[in-house]
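The values are calculated or read from the model by the stated rules, or taken from the named source; none is laboratory data. Predicted model, so just to flag it, every value in this text is computed and none were measured. As a convention, Cβ positions derive from the backbone with ideal geometry for all residues, glycine included, and neighbour counts pool all protein chains shown.
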Amino acid sequence: MFNTIYTHLQNYLEQFTKEDELLLNNHSSRFDTTNFTPLTPKNETITFIDGGEAQIINAGSFCISIIRTAAITFEGTTKVSQKIQEFYLFTSAKTIEGKVWYTSTIFSEKTPLININDLHVSSHDPLLTGSAQRAPIEKMTNMARRFAELSVAASIKKGIVVLDGTKDNTYPNEEKYLQNLSDNVCALAKTSTLFTKQGNNITMFLQEHGPQNSWIYSTPQMNFIKLHPKAKHVFRFEGKQEHATAILPLSSDPIFLGYPYGLILADKLARVSNNETASLRNRLSLNKDYQELITHTNATNAHSILDNIR
């Protein structure tokens, strides 16, 4: 069976040729090797930003989350500072004129990173749902984390700023935060679902047909970069070429060769572990009214019960 599957896979991969076109933002761009430009390392002040989140309580009609951002600044290859910020988010559903809307409250010891009014959105907003269905309430946690990351990026004026992900507008009200970004902010996306005309993944295609050194592949629509000669990954990149050269010196960590160490560290510091989430949930359980809260979560916890059955 698996030999048959492997043969089928081989036949599928062999169909791809070097003569192909990249499909970018509904535009077709013919693959051209002259679009590759070698990158030379350059030391700069550079800050990497990432965010983490976790659902502490999710009852379907409301949820309580923790959101954390991390900003790590390097001078060349030396880490000079780090800043971690976090807040709690309570989101609830409310019917207004027959439609379900989500609204949120932020709990933070410092000035909130985001405008709470931007988290009042229709559960059927196309940017939130991605389909005809109502968006699940936990999508609001993703949205708040994204706004917080963009807010931190906009506040840093010195040097270069690197965001994990893209600068695409994917949430309601997100354009308010994107327009605050200076041109010192670039973005690096770990994954890509973009394809060539033949159906090949674009980053895999460029990896296979690109030079052996570090490079940036530029098109009018978007750019792609390979940050180490031996890297096995190519990333979508939004920013100036000089931004990419500044990232190069920090992209030699063997943990993830060709991926900026600053983003590895930012992800680690911002991530909310399962143990930490459980601890926060236990702290909530100390409240005398917690059992009443538990009855609300029964609407959404059936899968987790099955997952824990051995």
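Data table
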read-out	value
Matching option when the condition is surrounded by fewer than 18 Cβ atoms within 10 Å (Cβ to Cβ) and touching a strand residue (DSSP E or B) at 6+ places or on another chain (Cβ under 8 Å), among Arg283, Arg271	Arg271
Hits in region 75-108 - residues which are among the acidic types (Asp, Glu) and surrounded by 13 or more Cβ atoms within 10 Å (Cβ to Cβ)	Glu75, Glu86
Test: residue in region 254-275 that is modelled with pLDDT under 90, out of contact with any Pro (no Cβ under 6 Å at 6 or more places or on another chain) and outside any helix (DSSP H, G or I)	no
Strands (runs of 3 or more DSSP E) wholly inside region 166-234 that include at least 3 residues being hydrophobic (A, V, I, L, M, F, W, C)	185-189
Cβ pairs under 7 Å, 6+ apart, first in region 112-134 and free of Cβ contacts under 8 Å to residues at least 24 places away in the same chain, second assigned to a loop (DSSP other than H, G, I, E, B) and surrounded by 20 or more Cβ atoms within 10 Å (Cβ to Cβ)	Thr129/Ala135
Of all residues in region 241-255 being touching a residue at least 40 places away in the same chain (Cβ under 8 Å) and under 15 Å from Ala189 (Cα atoms), the one that is surrounded by the fewest Cβ atoms within 10 Å (Cβ to Cβ)	His243
Count of residues meeting criterion [surrounded by fewer than 16 Cβ atoms within 10 Å (Cβ to Cβ) and at pLDDT 95 or above] in region 129-158	1
Options Phe256, Phe235; residue that is among the aromatic types (Phe, Trp, Tyr) and out of contact with any strand residue (DSSP E or B) (no Cβ under 9 Å at 6 or more places or on another chain)	Phe256
Residue list for region 109-128, restricted to those being touching a helix residue (DSSP H, G or I) at 6+ places or on another chain (Cβ under 8 Å) and either surrounded by fewer than 18 Cβ atoms within 10 Å (Cβ to Cβ) or under 17 Å from Glu175 (Cα atoms) (or both)	Leu113, Ile114, Asn115, Asp118, Leu119, Val121, Ser122, Leu127, Leu128
Filter pass, Asn117 being over 26 Å from Arg271 (Cβ atoms) and part of a helix (DSSP H, G or I)	yes
Residue match in region 168-178 (condition: touching a strand residue (DSSP E or B) at 6+ places or on another chain (Cβ under 8 Å), closer than 22 Å to Pro112 by Cβ and among the β-branched types (Val, Ile, Thr))	no
Filter pass, Leu265 being touching a residue at least 24 places away in the same chain (Cβ under 8 Å) and within 20 Å of Gly165 (Cβ to Cβ)	yes
Options Thr47, Thr69, Thr129, Thr111: the member that is among the hydroxyl-bearing types (Ser, Thr, Tyr) and more than 20 Å from the chain's Cα centre (by Cα)	Thr111
Per-region count, region 14-38, residues out of contact with any helix residue (DSSP H, G or I) (no Cβ under 8 Å at 6 or more places or on another chain), modelled with pLDDT of 85 or more and among the hydroxyl-bearing types (Ser, Thr, Tyr)	3
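Conditions (1) among the aromatic types (Phe, Trp, Tyr); (2) surrounded by 16 or more Cβ atoms within 10 Å (Cβ to Cβ), marked per residue:
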| site | (1), (2) |
| --- | --- |
| Lys167 | no, yes |
| Asn173 | no, yes |
| Tyr177 | yes, yes |
| Leu181 | no, yes |
| Cys186 | no, yes |
| Lys190 | no, no |
| Leu194 | no, yes |
| Asn201 | no, yes |
| Gln212 | no, no |
